[in-house]
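For reference, the structure is listed below as structure tokens.
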Amino acid sequence: MRNIIILGILVLSALVSCNEGAQESEVEIKDAVIIHEEYNKPEPTEPEGTEYYAPKVPIVGAALNGEIPSDAIVLFDGSSLDDWMHVQDSTTAKWHLNKDASMMVADKTGNIRTKQEFGDVQLHIEWSSPAEVQRAGQNRANSGVFINGIYEVQVLDNNNNDTYVNGQVGSVYKQHAPLAMASVASGEWNTYDIIYHAPEFNSNGSKIKSGTLTVIHNGVLIQDHAELKGTTPYIGWPKNPPHGKGPLMLQDHGDNSRVSYRNIWLREL
Ligand code: MG
């Protein structure tokens, strides 16, 4: 982030006049003058004065047509679950490895997480709810993508299945309803592309800057730099325990919600 210096003054003047029962309010706000530090010097008069060549921008292989960026860390490509373990006892993940290069929640085996830990990331993950629809509300193919191990982006079969909007598919669970519902039909593959910036904590463990999540669901923006107010518990307010890097965690909702995942990769930012 570039440093900015706010040199201007916000001038707020409110004029309120009352006139025999009729109340009229006028508010005049003059814009703050924001000057970016890098421009706080004499203005160039030639085009070269505003052009720069270093540092060089890294070249990354394109991720078109289902391909993976050349600098991505592959977390699951369908070949094994060796990079994943159960949260509860750190044993290698016992979810089902399917023949179509996906994995599926194994009933009541618990959440799984990557062995590796990450901070800020661009994450790509694909998920599918069972084609055969079961149950309703929060119990219809509920899972979740937990960024940094603690911030849940909800996975749910919301097709013709209403629930509380801040817990529906694509929500930052119990914090931010999605901007749109963009799911494909039950049984088909959804994509989530998620950009996460971790919160920052001072040496006393107090949060000094909130984390953010941006989520694109099947090409549709559904979370736009949403502020993380803290963790995403089922019951209670968000909490803000200080933390560093963490794993990517996938949820076993515990009710035989047989959600599948495939093609999981991320880029560290
Ligand atoms: Mg969930």
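Val57 fulfils the conditions (1) modelled with pLDDT of 95 or more; (2) surrounded by 11 or more Cβ atoms within 10 Å (Cβ to Cβ) except for a single criterion, (2). Scanning the range 188-199 turns up no residue that is among the small types (Gly, Ala, Ser) and either modelled with pLDDT under 95 or loosely packed, with under 15 Cβ neighbours inside 10 Å (or both). Where strands (runs of 3 or more DSSP E) fall wholly inside the range 164-263, no range has 2 or more residues that are outside the structural domain of Thr114 (by TED's automatic domain parsing). Please specify each residue of the range 72-87 satisfying the condition of being surrounded by 12 or more Cβ atoms within 10 Å (Cβ to Cβ) and either assigned to a loop (DSSP other than H, G, I, E, B) or of a type in the set (Gly, Ala, Ser) (or both). Once the filter is applied, which keeps residues that are surrounded by 12 or more Cβ atoms within 10 Å (Cβ to Cβ) and either assigned to a loop (DSSP other than H, G, I, E, B) or of a type in the set (Gly, Ala, Ser) (or both), the range 72-87 yields Ala72, Asp77, Gly78, Ser80, Leu81, Asp83, Val87. Checking each residue in the range 136-157 for being assigned to a loop (DSSP other than H, G, I, E, B), over 16 Å from Glu227 (Cα atoms) and under 15 Å from the mean Cα position of the chain (by Cα) picks out only Gly149.
For beta carbons closer than 9 Å, sequence separation of 6+ or different chains, a first residue in the range 133-150 that is near the ligand (Cβ under 9 Å from one of its atoms) and a second that is assigned to a helix (DSSP H, G or I) and not polar (S, T, N, Q), the qualifying pairs are Gln138/Gly167. Evaluated against (1) assigned to a loop (DSSP other than H, G, I, E, B); (2) farther than 19 Å from Tyr196 by Cα; (3) within 14 Å of the ligand (Cβ to nearest atom), Asn160 falls short on exactly one condition, (3). Counting only residues that are on the phi > 0 side of the Ramachandran plot and in contact with a helix residue (DSSP H, G or I) (Cβ under 8 Å, 6 or more places away or on another chain), the range 144-199 holds 1 of them. Candidates are the residues of the range 249-269 that are crowded, with 20+ Cβ neighbours inside 10 Å and away from the ligand (no atom under 14 Å from the Cβ); the one that is farthest from Asn204 (Cα to Cα) is Ser260. Of the residues making up the range 50-71, those that are among the hydroxyl-bearing types (Ser, Thr, Tyr) and in a loop (DSSP other than H, G, I, E, B) are Tyr52, Tyr53, Ser70. Any idea which residue in the range 207-248 is nearest to the chain's Cα centre (by Cα), counting only those that are exposed (fewer than 13 other Cβ atoms within 10 Å of the Cβ) and within 14 Å of the ligand (Cβ to nearest atom)? Selected residue: Tyr234.
For first residues located in the range 191-210 and under 26 Å from Ser128 (Cα atoms), partners that are of a type in the set (Phe, Trp, Tyr) and lie 6+ apart or on another chain with Cβ distances below 8 Å form the pairs Tyr192/Trp127; Tyr196/Tyr151. Number of residues in the range 88-99 that are farther than 27 Å from Leu269 by Cα and outside any strand (DSSP E or B) equals 7.
The values are calculated or read from the model by the stated rules, or taken from the named source; none is laboratory data. The structure presented is a predicted model; accordingly, all values stated were derived computationally and were not measured. In this analysis, Cβ positions are derived from the backbone assuming ideal geometry, glycine residues included, and neighbour counts consider all displayed protein chains.
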